[in-house]
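**Student:** Next up is a structure, given as structure tokens.
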């Protein structure tokens, strides 16, 4: 069984990939936007950590199993508005679009679920 922190680090990587995909989809993945991208990834990882730890989404015994999908959902519901609000505030924006939060939360949840199912398939189902 891998160390306990692998779930959290894997979540961070997945969220970073979602951010990179979003920047690429919107045509803003360029060297001049690298600071915004890295800042967004860091803020989103921080928000995810603050939400995933109390919901036990990063606990390998409770959060890695597909039966713990609701923990991933709660962590996403808590983390995305917080992370995106902080991200926009650091950029000097005063408005956070609900559609942006909904799309980011939905895509992030699907990506986290895919990662968690892969993790469970590799490590959890044997336990």
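**Student:** Starting from the Cα-Cα distance between residue 69 and residue 46, subtract it from 0.36 nm times their residue separation and give me the gain in nm to one decimal. List each step's numbers first, then the result.
**Tutor:** On the way: separation 23, 0.36 × 23 = 8.28 nm, distance 2.05 nm.
Full extension of this stretch gives 6.2 nm more.
**Student:** If you don't mind, there's one more thing I want to ask. List the relative contact order of the chain as a percent without decimals, with contacts defined as Cα pairs under 8 Å and 6+ residues apart.
**Tutor:** Numbers: 123 pairs, mean separation 40.3, N = 127.
Computed value for the chain: 32 percent relative contact order.
**Student:** Shifting gears a bit: How much length is gained on full extension from residue 85 to residue 9, taking 0.36 nm per residue of separation minus their Cα-Cα distance? It would help to have the intermediate numbers written out before the result.
**Tutor:** Details: separation 76, 0.36 × 76 = 27.36 nm, distance 2.22 nm.
Length difference between fully extended and current span is 25.1 nm.
**Student:** Only helical DSSP H runs with n ≥ 4 go in: add -39500 (n - 2.57) per run for the chain, normalise by residue count and round the 222 nm mean residue ellipticity to 500 deg cm²/dmol.
**Tutor:** Values: 4 runs with 83 residues, N = 127.
Rounded to the nearest 500, the figure is -22500 deg cm²/dmol.
**Student:** For 123, 87, what ranking results if the residue with the fewest other Cβ atoms within 10 Å of its Cβ goes first?
**Tutor:** Details: 123 15, 87 22.
Final ranking by Cβ density, sparse to dense: 123, 87.
**Student:** Continuing with this model, one more query. Quick one: among 55, 76, 28, which has the greatest mean-square fluctuation in a GNM of the chain with alpha-carbon springs under 10 angstrom?
**Tutor:** 28
**Student:** While we're on this one: In what sequence do 94, 67, 36, 116 fall when counting other Cβ within 10 Å, fewest first? Could you put the intermediate results ahead of the total?
**Tutor:** On the way: 94 6, 67 10, 36 15, 116 24.
So the residues, fewest neighbours to most, are 94, 67, 36, 116.
Laboratory data are not the source of any read-out in this text; all were calculated from the coordinates shown. Predicted model, so just to flag it, every value in this text is computed and none were measured. Ideal geometry is used to build each Cβ from the backbone, glycine not excepted, and the neighbour counts take in all protein chains shown.
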